[in-house]
2 protein chains.
Amino acid sequence: MIKNIFTQILLLLVFGVTIAQQNIDFKNGKIISPEISNNNSVTFRLESANSKQVTLTGDWEENGGKSEMKKDSLGTWTTTINHLPSDIYSYNFMVDGIKILDPTNPFQFRDVGTLFSIFIINNGKGDYYSVNDVPHGSLIKTWYHSDYYKADKRLTIYTPPGYADSDKNYPVLYLLHGSGGDENAWSELGRLTQIMDNLIAEKKAVPMIVVMPNGNPSKQGAPGETKENFNYLPSSSKNFPRYKDGSFESSFNEIILFTDLHFKTIKNKSNRAIAGLSMGGFQAMIIAANQPKSFNYIGLFSPGLNYESINMQIDTYNNLDQKLKYQSNLGIKLYWIGVGKEDFLYKPIFDYKEKLDKLKIPHNYYENSRGHLWSNWRIYLLEFAPKLFK
Amino acid sequence: MIKNIFTQILLLLVFGVTIAQQNIDFKNGKIISPEISNNNSVTFRLESANSKQVTLTGDWEENGGKSEMKKDSLGTWTTTINHLPSDIYSYNFMVDGIKILDPTNPFQFRDVGTLFSIFIINNGKGDYYSVNDVPHGSLIKTWYHSDYYKADKRLTIYTPPGYADSDKNYPVLYLLHGSGGDENAWSELGRLTQIMDNLIAEKKAVPMIVVMPNGNPSKQGAPGETKENFNYLPSSSKNFPRYKDGSFESSFNEIILFTDLHFKTIKNKSNRAIAGLSMGGFQAMIIAANQPKSFNYIGLFSPGLNYESINMQIDTYNNLDQKLKYQSNLGIKLYWIGVGKEDFLYKPIFDYKEKLDKLKIPHNYYENSRGHLWSNWRIYLLEFAPKLFK
């Protein structure tokens, strides 16, 4: 990225070594941010002498994740958040009205349309979200052809450690994203690779394949990964055509067939699970109900059961209670529901749990704190994955 | 990321639909940036009423890629860059001394330690860097075990369209990154997947596997992808232990063996190429010279041939001229060198070309404008890949 030969020659003279990309090297300044101390306090710093107000916003609970930063005489803004529970966290600085990443932190992820700087607090569940010295699985970004949509569609597939060298076949978890997400959401925001590697290393989960398709009917893949390129801006799925039109759920068998054809899978109900978060939880619920002979394990993570936004009369979605009852009668090993007490979907999800009670459909209901957040969805995966295929 | 139940309920009341992640949705403001017009002019905008100075810096040639932006009465800073040649470009805003991404552009990549916003200008070579409506290959992030380093090491592998359904075997290009890079560099900054998909679709390149290992001896993988997690900050490789100690080149056969074991490869010299940029160009040159029976195609993209920074007396690097002569005598189909006239390594690379002339080693020498830049390395891949395995 060096702009001209004069700079290059200067750098060459000064350093005398291969420093081709000097101006893209890390750390222009001397400050460290975020700085994580042993007692799980985190200090954030931003050098910005001219700014009038800098606010830190993060996805932790303390103060609703909001702190005003204070400027010292050298122009460095600072604040410390104390005693964060172990987790992976995301944050931004709001600098006089502009939301920015932490310029000294190169690690980030995109949640729908916003980029966030990230860090991990260890010594707890954050350890499951970290890369550890354990055998690693592989992550594959590939495409399947959908006859239904008459298009190639993108999907992400995790294969467990040892997969390539094994002549075994593996069970499969189909794992769906939420509105505004895509086939990259679980592996990026959800720390899927790290969670699975770590659960498998501890023998808490059995080695399994995890298939993460794009669940947006009108999209072939994630923003930037389709022929729309950078003209496709991230957005809630409800802004897309065909939102909850039943097509994804109706055509889901194409994804199973693709997986069974190209991966070493065990091709039966006992070795298939389906789960999803929010919109993907609704989709998982419908797909499993419509294909009662396909999945023995169902996971609904904060599922999007707010039926008022859905036409429940279309073929794919109708007669739900009868379908659920039939599905249960055929036998399910696990029907797992997770929701946070502060989730804005708490009521419809609790109502759904009560409906299952009434229908006498056995299920596991897991309620924890907080709301409709990746922080919870990662916990639900940590809870759900160890219960599969045992 | 919604912080509390009150906000959630409010949003639910106002919108009545699943808008769980409303505050991470795209576009808080109404401005568009970057806005690309038909004549390849690009307008950049930033809403920042309180800022005193906003500078745009990008990797285009005009004005050395630097433009002062102007603020209008509403507090929106603007500048337009006219008639950009077709390419993929990266840029930042410098806002009163803080380097930030464009807040309205969710697309970015990391080059060593800096994040850049990106956009594509089409109707030229930028088309090769775009996702088009063509068959797509797959990208695999996986690990191999190195007995040499006694560690698992990460690598990225591209398999061409049709690979999974074919019973054919494929030729392999081993493609190495530069100092400060990693196993993700070619697929992210280098647009490898898009370039290969597009060249193969046009039948300009034959379908091939591309293997992109991590070439840093002391690192297992990219920043954030190893057990160091976010404590491993991106840096020029020269800051790492074992920089150019010969170990990567000496142990490279482990990567070939891994590839030949796990992928459908044609396992002979005629169907193997090796290429690299900068540090990786030096590595490719050495590996090919030390294994003269392994590679029929060699590509050196701005290779790091500044020997003053390298101990050329160690076993792996010594007797270079004899090795090159022997390699040439055994037969090479293509020995390709690419360099920009403004590259700070222009002189040592030109000297190397003259050395090959003197040794009567046939080679293709490709010289273009500009310097030590991804803009050039993508061009070299566009030039090199079509010449392989024909």
(message) Looking only at region B:282-339, how many residues end up being open to solvent by 10 Å² or more (accessible area, probe 1.4 Å), within 16 Å of B:Leu356 (Cβ to Cβ) and of a type outside the set (S, T, N, Q)?
(response) 12
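May I ask you to say which residue of A:Ile314, A:Ile298 is away from chain B (no Cβ under 14 Å) and either under 18 Å from A:Tyr365 (Cβ atoms) or under 27 Å from the mean Cα position of the chain (by Cα) (or both)?
Values: A:Ile314 fails: either under 18 Å from A:Tyr365 (Cβ atoms) or under 27 Å from the mean Cα position of the chain (by Cα) (or both).
Unique residue meeting the criteria: A:Ile298.
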(message) Go through (1) over 20 Å from the mean Cα position of the chain (by Cα); (2) within 10 Å of chain A (Cβ to nearest Cβ); (3) within 30 Å of B:Ile255 (Cβ to Cβ); (4) in a loop (DSSP other than H, G, I, E, B) for B:Tyr148 and report which single condition fails.
(response) (2)
(message) Between A:Thr104, A:Thr142, A:Thr156, which is of a type in the set (Ser, Thr, Tyr), assigned to a strand (DSSP E or B) and either within 9 Å of chain B (Cβ to nearest Cβ) or under 30 Å from A:Thr79 (Cβ atoms) (or both)?
(response) A:Thr142
(request) Report, ordered by the first and then the second residue, all pairs with beta carbons closer than 7 Å, sequence separation of six or more or different chains, a first member in region A:223-234 that is on the phi < 0 side of the Ramachandran plot and open to solvent by 50 Å² or more (accessible area, probe 1.4 Å), and a second member that is of a type outside the set (Asp, Glu) and not in a loop (DSSP other than H, G, I, E, B). (result) A:Glu225/A:Arg154
(message) Based on this model, can you work out whether A:Tyr335 counts as out of contact with any Leu (no Cβ under 9 Å at 6 or more places or on another chain) and aromatic (Phe, Trp, Tyr)?
(response) no
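Among residues belonging to region B:266-281 that are open to solvent by less than 10 Å² (accessible area, probe 1.4 Å) and away from chain A (no Cβ under 14 Å), point out the one that is farthest from B:Tyr317 (Cα to Cα). Working first, answer last.
First pass over region B:266-281, keeping only residues open to solvent by less than 10 Å² (accessible area, probe 1.4 Å): B:273-281.
Add one more test, that the residue is away from chain A (no Cβ under 14 Å), and what stays is B:273-275.
On the way: B:Ala273: 20, B:Ile274: 17, B:Ala275: 17 Å.
It comes out as B:Ala273.
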(request) Among the residues of region A:47-64, write down those that are in contact (Cβ under 8 Å) with a residue 12 or more places away in the chain and either touching a Pro at 6+ places or on another chain (Cβ under 7 Å) or more than 15 Å from A:Leu101 (Cα to Cα) (or both). (result) A:Ala49, A:Asn50, A:Ser51, A:Lys52, A:Gln53, A:Trp60, A:Glu61, A:Glu62
(message) Which residue is nearest to the chain's Cα centre (by Cα), if the candidates are limited to region B:34-75 and must be part of a loop (DSSP other than H, G, I, E, B) and within 19 Å of B:Ile118 (Cβ to Cβ)?
(response) B:Asp59
(message) So B:Val211 passes all but one of these: (1) over 29 Å from A:Ile120 (Cβ atoms); (2) more than 20 Å from the chain's Cα centre (by Cα); (3) within 14 Å of chain A (Cβ to nearest Cβ). Which condition number does it fail?
(response) (2)
(request) Output the number of the condition that B:Arg110 fails; it satisfies all remaining conditions of (1) in contact (Cβ under 8 Å) with a residue 40 or more places away in the chain; (2) more than 9 Å from chain A (Cβ to nearest Cβ); (3) surrounded by 20 or more Cβ atoms within 10 Å (Cβ to Cβ). (result) (2)
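The values are calculated or read from the model by the stated rules, or taken from the named source; none is laboratory data. Only a predicted model underlies this, so the values are computations on that prediction, with no experimental measurement involved. When we count neighbours, we look across all protein chains shown, and the Cβ atoms used for this are built from the backbone with ideal geometry, even at glycine. Areas reflect the complete protein model, heavy atoms only, side chains present, ligands, DNA and RNA absent. Shrake-Rupley method; radii C 1.70, N 1.55, O 1.52, S 1.80 Å.
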